[in-house]
1. What residue, among those in the range 30-58 that are farther than 21 Å from P177 by Cβ and open to solvent by 40 Å² or more (accessible area, probe 1.4 Å), is nearest to the chain's Cα centre (by Cα)?
2. Please indicate, with yes or no, whether at least one residue in the range 187-201 is surrounded by fewer than 20 Cβ atoms within 10 Å (Cβ to Cβ), within 15 Å of the chain's Cα centre (by Cα) and not small (G, A, S).
3. Enumerate the pairs (first residue in the range 88-114 and at pLDDT 95 or above and assigned to a loop (DSSP other than H, G, I, E, B); second residue anywhere and among the small types (G, A, S) and open to solvent by less than 50 Å² (accessible area, probe 1.4 Å)) with beta-carbon separation below 9 Å, excluding pairs fewer than 6 apart on the same chain, so at least 6 apart or on different chains.
4. Being open to solvent by 30 Å² or more (accessible area, probe 1.4 Å), aliphatic (A, V, I, L, M) and touching a helix residue (DSSP H, G or I) at 6+ places or on another chain (Cβ under 6 Å) is the requirement here; does L84 meet it?
5. Somewhere in the range 88-97, is a residue touching a Phe, Trp or Tyr at 6+ places or on another chain (Cβ under 6 Å) and crowded, with 18+ Cβ neighbours inside 10 Å?
6. Which residue pairs have Cβ atoms under 6 Å apart, sit 6 or more places apart or on different chains, and have a first residue in the range 169-191 that is without any contact (Cβ under 8 Å) to a residue 60 or more places away in the chain and a second that is part of a helix (DSSP H, G or I) and open to solvent by 10 Å² or more (accessible area, probe 1.4 Å)?
7. Within the range 22-75, how many residues are assigned to a loop (DSSP other than H, G, I, E, B), of a type in the set (V, I, T) and closer than 28 Å to R227 by Cβ?
8. With (1) without any contact (Cβ under 8 Å) to a residue 40 or more places away in the chain; (2) acidic (D, E); (3) farther than 20 Å from A188 by Cα as the list, and E38 as the residue in question, which single condition is left unmet?
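The values are calculated or read from the model by the stated rules, or taken from the named source; none is laboratory data. Owing to the predicted nature of the structure, the values given are computational and were not obtained by experimental measurement. All Cβ positions, even for glycine, are placed from backbone atoms using ideal geometry, and neighbour counts span all protein chains on display. Ligands, DNA and RNA are excluded from the accessible area calculation, which covers all protein heavy atoms including side chains. Shrake-Rupley method; radii C 1.70, N 1.55, O 1.52, S 1.80 Å.
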Amino acid sequence: MSKLKSGAAAALQDVLRDGMTLAVGGFGLSGIPAGLIEAVRDSRVKDLTVVSNNMGVDGKGLGVLIEAGQVRKVIASYVGENKLFAEQYLAGHLEVEFTPQGTLAERLRAGGAGIPAFYTKTGVGTLVAKGKPLAEFDGETFVLERAIKADVALVHAHTADTDGNLIYRYTARNFNPVVATAGAVTVAEAEVIVEPGALDPNHIVTPGVYVQRLVQAGGRVKDIEQRTVRERPAAAVETASAAVVPA
């Protein structure tokens, strides 16, 4: 049965509600489900708990939910690119739970695997472990971390079939696979959508059993958070110019 919906708004209209937990794939602005995020913004749901590696930047990615005042709590490993986020946090309008990046990935993976909690050494002896149970294994101290299970998970894939099987592209994969498994309802957007049987099973990263709804990703510029460039040496410019053959 096809999981393809007519658009992001249609895919989300009956699953969004105030106060829910939303897990979102992406790393910075790479591999983010931009169309689905904008549909959440347009729905005007509020008091959201958002679980993501980071919160985008001002005006882009999850930053649009911050701007709209829809987020109550954030569980993330890094938020340094978003000035408005910092302002809302310092003003007491936003609750933040910082989680080490690897721990965040494992909390999401555990949520998808039905594992309620796990022990890790990461964060022991720091504020990350404050108030959490500790245990000793083989003479070393570990901290207990709870799994994360979201009400809705939003992910971006490069290629999907209409059964919801997903393939990601290079570093745009990032947090998307673990986010996809952690949602009670997972909605995926994909740049290319094909019929069942067109994908090589060996290349599928997220099986369709984890994905309930699928939408076509809209064509858009793929933003880069920070573009770092350098001037090309004069000799390289001259060589490149000489290599151009007039039409």
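1. Checking each candidate, the answer is E38.
2. no
3. Final answer for the pair search is T99/A76; T99/S77; T99/G123; P100/S77; P100/G123; G114/A147.
4. Spelling it out, L84 is indeed open to solvent by 30 Å² or more (accessible area, probe 1.4 Å), aliphatic (A, V, I, L, M) and touching a helix residue (DSSP H, G or I) at 6+ places or on another chain (Cβ under 6 Å).
5. Scanning the range 88-97 turns up no residue that is touching a Phe, Trp or Tyr at 6+ places or on another chain (Cβ under 6 Å) and crowded, with 18+ Cβ neighbours inside 10 Å.
6. Listed pairs, sorted by first residue: T186/Y210.
7. 1
8. (3)
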